[in-house]
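Below is one structure, written out as structure tokens; comments come after it.
The values are calculated or read from the model by the stated rules, or taken from the named source; none is laboratory data. Quantities reported herein were computed from a predicted structural model and do not represent experimental measurements. Glycine gets a Cβ as well: all are built from the backbone with ideal geometry, and neighbour counts include every protein chain shown.
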Amino acid sequence: MPQVNRGITQPLILSSGDPAEALAEARRLAAAAVCTGAGDKPCGRCRACRKAAGDIHPDVITIRRQSDDKGRLRREITVDQIRWMAADACVLPNEAARKVYIIEEADKMNPQAQNAALKLLEEPPADVLFLLCVTNAEQLLPTVRSRCAERRAGSASAVADEEAEALAEGYVRALSSGKREELLRWCAANEGVDGRAAAAFAACARDALADRLCGRKETALTARQMLEAAALLERCEDYLRVNTGVKHIFGLLAVDSPVGGGKQRKEP
Ligand SMILES: [Zn+2]
């Protein structure tokens, strides 16, 4: 059984046209991060899951736009809020193994606030997970975006494509094997799928990696491997959009996927 990479807490951007959907996804991932149940997380039954669901878990902290003194919602998330978050993130968790900060409408951070967030996102304190909910990731500074993994909220559940999910898990398994020949075998076995299935697979595989990056699922992969693989899959999606042949895509995956050479994290 692969060990849990507890330390992997890659900041994650959750994007959706519907802010409520992005927030719901963030809450689910936050619950997964603090869940103490066995098996896939969140289990939904343990004390931590129930507290997270009730929005009373002390280690799940939400940053959102504040009201001004007239009770009106401010237009932006301010730099002071982000500075507060930076200071608070250095304090150890109260009861969970990690702390989670959900930034609601992170695209409403003003540039000053985003710059303040930059250092934090680049080198998050150990066992702190940042989830940035956005309706439009383009509103974020490129420097902020480049430090985060990105995931479309609701995409995996909305698609519910079993074939794509099976392919995605197969790809992650081949990556995790650490053996290039294992990956080559997997690519050769699946290069016959059609363009639609390949695109669904690529989106699903990025979600599968995001799940592992934020600690929702166990993995033997390193954060760097997962980020490289996610970037490669994004490139594949771009190629597929301009009708690049599926064989070419799987050839690219076979050659460019970051397999092997990854360091195993030491047991904490
Ligand atoms: Zn749980």
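Per-residue answers, yes or no, for (1) closer than 17 Å to R151 by Cβ; (2) at pLDDT 95 or above; (3) in a helix (DSSP H, G or I):
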site	(1), (2), (3)
L227	yes, no, yes
A231	yes, no, yes
E237	yes, no, yes
L240	no, no, yes
T244	no, no, no
F250	no, yes, yes
V255	no, no, yes
V259	no, no, no
Q264	no, no, no
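Return the pairs, sorted by first residue and then second, in which the second residue is of a type in the set (D, E), the first residue lies in the stretch 160-175 and is in a helix (DSSP H, G or I), the beta carbons are less than 6 Å apart, and the residues are 6+ apart or on different chains.
That search, which allows pairs on different chains as well, returns A174/E182.
When P42 is evaluated against the numbered criteria (1) modelled with pLDDT of 95 or more; (2) surrounded by 21 or more Cβ atoms within 10 Å (Cβ to Cβ), which criterion, by number, is the only one it fails?
(1)
Which ranges mark the helices (runs of 4 or more DSSP H) fully within the stretch 1-116 that have 3 or more residues being within 27 Å of A229 (Cβ to Cβ), hydrophobic (A, V, I, L, M, F, W, C) and within 16 Å of the ligand (Cβ to nearest atom)?
19-34
Can you pull out the residues in the stretch 173-201 that are in contact with a Lys or Arg (Cβ under 9 Å, 6 or more places away or on another chain) and crowded, with 22+ Cβ neighbours inside 10 Å?
A174
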